[in-house]
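The values are calculated or read from the model by the stated rules, or taken from the named source; none is laboratory data. Note that the coordinates shown come from a computational prediction; the quantities given were computed from them, not determined experimentally. Cβ placement follows ideal geometry from the backbone for every residue including glycine, while neighbour counts extend to all protein chains displayed. What goes into the accessible areas is simple: the full protein's heavy atoms, side chains included, and nothing from ligands, DNA or RNA. Shrake-Rupley method; radii C 1.70, N 1.55, O 1.52, S 1.80 Å.
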Amino acid sequence: MLPFSLRAAVSAPALAFAALASPAFAQEAAVSPAPFADNDAPADQRAGDLVIVTGKAANEQVATTAETRSAEQIEETTNVINAEDSLRYFPNILVRKRHIGDTQAPITTRTSGVGASARSLIYADGVLLSALIGNNNSNASPKWGMVSPEEIASVSVLYGPFSAAYAGNSIGAVVEIETRMPDRFEAMADLGVSVQDFEQYSTSGNYGAHQGSLVLGNRFGPLSFWLSGSYTQSDSQPLTYVTATRPTLASATGAVTSGAINTFNRAGAPIVVLGAGGFENQEQTNLKFKTQWDINDQAQLSWSIGRFGNDTTATAETYLRNASGAQVWSGGPLNINGYSYTVAASAFSNAIYKFDEEQWSNSATFDWTPSENFEARFVVTSYDYGTSEQRTPSMAIPAALSGGAGSIARMDGTGWKTVDADGIWRPEGRNGPHEVSFGVHGDRYELQNDRFATTNWLSGGVGALQTSARGKTQTAALWAQDAWDISDQLTLIAGGRLESWKAYDGFNFSTPTAPTIQPEVEADAFSPKASLTWNVSQDWSAKASIGKAYRFPTVGELYQLVTVGASVTSPNPNLKPEEALSTEVSLTHHFEDGQVRVSLFTEDLKDAIISQTAQLPASTQVATFIQNIDKVESRGIEVVADKEDVLIDGLSLSGSLTYVDSMTAENRANPAAVGKQTAQVPKWRATLVGTYRPNDQLSFTLAGRFVDRMYGTIDNSDSFSHTYQGFEAFMTWDARVTFKVDEHWSASAGIENLFDADYFLFHPFPQRTATAELQYRF
């Protein structure tokens with residue numbers, strides 16, 4: 001039986017395409033009689049056997065551009081410590097990973113930046129890892145910790161909202177992580193270490209991490225299982241800097257204090273850097289159990305449960321010293337570099353915290369293939385924040401280091417549930433001209449975010465409620481599309497998605513104001529999609545795709561609290577859905593051991609949900625909050641190429657180059673942003689990966705990434721980029737060598753950021769880091 005994959009309704013054909021047309025990016029895992037012809041392969045390749053990369057069925061023809069990497073290619077080319085590292089060299093994908101074990105690591109796509117986590121979808125075996133409770137790079141970041149790198153079989157990225165099988169959150173991209181089940185007893189142990197040499201301002205030191213993991217699997221007749229566990233301990237470089245704006249006039253007032261560093265903020269105004277914070281010490285555990293029962297040749301049942309635990313303690317350091325050389329954390333007036341300052345108690349205390357998490361993922365899947373004409377899959381998933389507590393002091397350091405007043409922020413009870421029932425119907429069999437796919441989807445997201453006062457931020461119980469943001473959203477959807485082989489050269493995929501969305505039970509509170517019960521809001525939308533593929537010849541193929549998508553507001557966007565000066569007010573609970581119209585035209589040339597693809601893409605995004613400064617609804621106050629921007633337009637071109645045996649046997653090259661012109665086209669609330677570059681979206685991006693395999697045991701890889709200068713504000717007023725909270729261009733190179741000692745032992749070593757690039761993407765990013773890994777497979 002070839003089991004149906006819920007999300008393989010789009011991703012599995014992409015894997016098949018990669019295997020047929022892109023040798024550098026896909027590895028053969030199994031061969032099965034072709035259930036259909038790959039719609040993007042040359043005509044003479046469409047009649048033969050189909051290569052299945054993940055071992056799951058390639059069920060439906062792909063309506064969008066896709067890139068795939070197998071586990072073997074990722075292992076050769078990438079220093080993978082956490083699951084998100086596997087995406088490092090995909091075209092137009094940037095993971096904002098600030099350090100090893102970072103729990104705030106969203107991805108960017110062609111037209112969306114690191115603050116738009118809800119404009120992409122990330123799955124592991126059909127289980128949603130995207131946290132669609134918000135649209136940011138903090139608590140709405142993907143739950144990468146639920147996937148161990150050792151269990152990954154392949155990773156695919158699908159670009160654009162051209163498949164009806166996905167919600168409008170696919171505006172940017174869909175990431176599919178596929179894992180496998182064992183055919184016999186398997187065991188694997190892995191040990192890894194890394195050391196980062198970091199120096200910036202007056203912070204200097206080595207920050208290391210180590211990780212151990214164990215994977216066990218076996219098959220007993222129709223039953224198979226995986227049991228995996230990992231432990232990671234890491235120390236990060238500073239994630240924040242404590243700064244103060246320089247006064248307009250020089251002054252001799254205050255106690256002379258040394259150590260501060262003169263620089264500029266991202267708006268170009270002079271500031272001083274007083275110290276650093278957010279030095280995270282993390283201990284993370286990842287446990288996962290997955291089992292599968294092959295009931296018979298037609299049915300298969302699987303279940304998985306995962307637990308992610310995270311214990312983080314963040315510290316700070318001050319650069320300031322008084323006349324006797326003692327540390328200075330707060331107070332005033334202080335005379336720093338000839339100007340008078342007063343440093344608030346919260347300046348440094350906000351940069352230290354304790355964070356405790358325990359999160360659970362559950363999923364159940366039933367695959368049914370009663371005949372070659374029909375397949376079905378049913379999937380139920382849940383993700384629960386069992387524990388999510390962050391403790392922060394409100395007192396000044398150093399007194400706060402031993403306790404005292406503070407706050408406790410909790411997100412316990414937050415989570416989501418999804419259910420999907422999908423099918424594929426081939427009216428005239430696998431070799432017929434039509435393949436109809438369809439499905440029903442439901443989801444519910446719940447946010448519970450409360451902050452309490454406490455008399456002891458280190459260990460005290462909760463006191464009075466200070467703020468609260470709660471609410472729910474739910475979506476019901478129907479979708480269908482037909483892949484019609486009009487001829488041997490032409491394939492048309494057309495369909496649509498009908499969605500009904502509701503937000504309800506919205507509640508906001510902030511002392512001392514009265515609680516606000518937010519109104520219930522609803523929206524319905526229909527998203528048509530179409531894609532036409534023309535296999536011009538054996539060596540050339542072309543594709544044109546168009547799709548509309550609606551991205552509904554997340555519960556966090558609707559019910560966030562807005563800070564205005566010293567007060568906190570309720571948000572705008574009436575946000576409109578984002579409406580995207582996307583197109584892509586691509587031309588692919590296939591040649592021996594490689595291919596080149598050129599894609600032209602556009603995106604017109606109406607009512608874009610973005611944070612900007614404007615007047616609050618029904619108020620004369622001005623604040624920075626999430627609101628609808630009338631229209632954002634993006635136009636781009638992308639070139640992707642790969643080739644095996646370049647110049648010499650064993651040398652493979654792959655790379656990408658992308659240009660995007662993305663700008664605010666209409667914005668009544670802030671006309672100054674019109675015509676300006678979209679925040680956090682660079683104009684140029686590039687990747688280049690070279691791997692040399694002198695034999696079957698050894699491989700050497702040198703890989704580079706370039707990202708052009710970005711802006712953090714929608715009006716592009718952040719003119720200075722090399723500073724904390726700035727966004728600057730960067731180019732980094734990574735090196736890796738792998739050595740397979742024998743059938744059991746393998747080792748690898750690498751250097752990330754080989755030439756020690758010093759750059760900011762709002763936060764300071766890691767500098768040169770050495771890694772080493774030893775693995776044993778039984």
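Seen from all directions on average, the stretch 194-277 presents a Cα convex hull projection of 9.7 nm².
Helical runs (DSSP H, four residues minimum) scored at -39500 (n - 2.57) apiece and divided by the length of the chain put the mean residue ellipticity at 222 nm at -1000 deg cm²/dmol.
What Kirkwood hydrodynamic radius, in Å, does the stretch 561-607 give when the mean of 1/r is taken over all pairs of distinct Cα atoms and then inverted? Before the final figure, lay out the partial values.
On the way: mean 1/r = 0.0655 Å⁻¹.
Hydrodynamic radius (Kirkwood, Cα only) of the stretch 561-607 equals 15.3 Å.
Here the spin labels are modelled as points 7 Å beyond Cα on the Cα-Cβ line, and at residue 301 and residue 464 they lie 5.4 nm apart.
Taken along its principal axes, the alpha carbon cloud of the stretch 279-369 reaches lengths of 80, 19, 17 Å, longest axis first. Whole-percent P(r), the chain, all Cα pairs, 10 Å bins from 0: 3, 13, 24, 27, 20, 9, 4, 1, 0.
Anisotropy class assigned to the stretch 436-504 is prolate, per the alpha carbon gyration tensor with a/c at or over the 1.5 cut-off and a/b larger than b/c. Working note: Cα gyration tensor of the stretch 668-778, eigenvalues times five, square-rooted, sorted largest first, giving semi-axes of 40, 14, 12 Å.
How far is the Cα center of the stretch 83-114 from the Cα center of the stretch 635-650, in Å? Answer, in whole Å: 22.
Loop-located GluC sites (Glu not before Pro) across the stretch 704-778 with a Cβ neighbour count of 13 or fewer within 10 Å are 743, with loop assigned by DSSP. Binning all Cα-Cα separations of the stretch 350-471 at 10 Å, short to long from zero, yields these whole-percent fractions: 12, 27, 19, 14, 12, 9, 6, 1.
Looking only at trypsin sites (Lys or Arg not before Pro) in DSSP loops with at most 14 other Cβ atoms within 10 Å, what is the longest site-free stretch of the chain? Between the exposed loop sites, the longest stretch runs 185-429.
Which translational diffusion coefficient, to the nearest whole µm²/s, is obtained for the stretch 639-707 from the Stokes-Einstein equation, given a Kirkwood hydrodynamic radius over C-alpha pairs, 37 °C and 0.692 mPa s? Don't skip to the end; give the middle numbers.
Values: Rh = 14.9 Å.
In µm²/s, the coefficient rounds to 221.
Using the 1.4 Å probe convention, the accessible area of the chain works out to 37 Å² per residue with neighbouring protein chains retained.
Past the 25 Å Cα-Cα mark, which pairs from 290/643; 529/631; 143/472; 472/576; 143/576; 97/683? Before the final figure, lay out the partial values.
Working: 290/643 37 Å; 529/631 21 Å; 143/472 20 Å; 472/576 16 Å; 143/576 27 Å; 97/683 21 Å.
As for pairs spanning more than 25 Å Cα to Cα, those are 290/643; 143/576.
Distance between the 7 Å Cα→Cβ label points at residue 197 and residue 489: 6.0 nm.
Over the stretch 527-654, with every protein chain in place, what whole percent of the accessible area is carbon and sulfur at 1.4 Å, could you tell me?
On the way: 3080 of 5210 Å².
Ligands and nucleic acids excluded, carbon and sulfur reach 59 percent.
For the pair the stretch 651-693 and the stretch 391-435, the centres of their Cα atoms are 27 angstrom apart. For the stretch 536-650, the direction-averaged projected area of the alpha-carbon convex hull comes to 11.5 nm². Computed from Cα atoms, the angle from the helix 11-21 axis to the main principal axis of the chain rounds to 70 degrees.
Give me the log10 of I(q) over I(0) for the stretch 102-204 at q = 0.10, 0.20 Å⁻¹, as the Debye formula computes it from C-alpha points; what are the numbers? Summing over Cα pairs of the stretch 102-204 leads to -0.38, -1.02.
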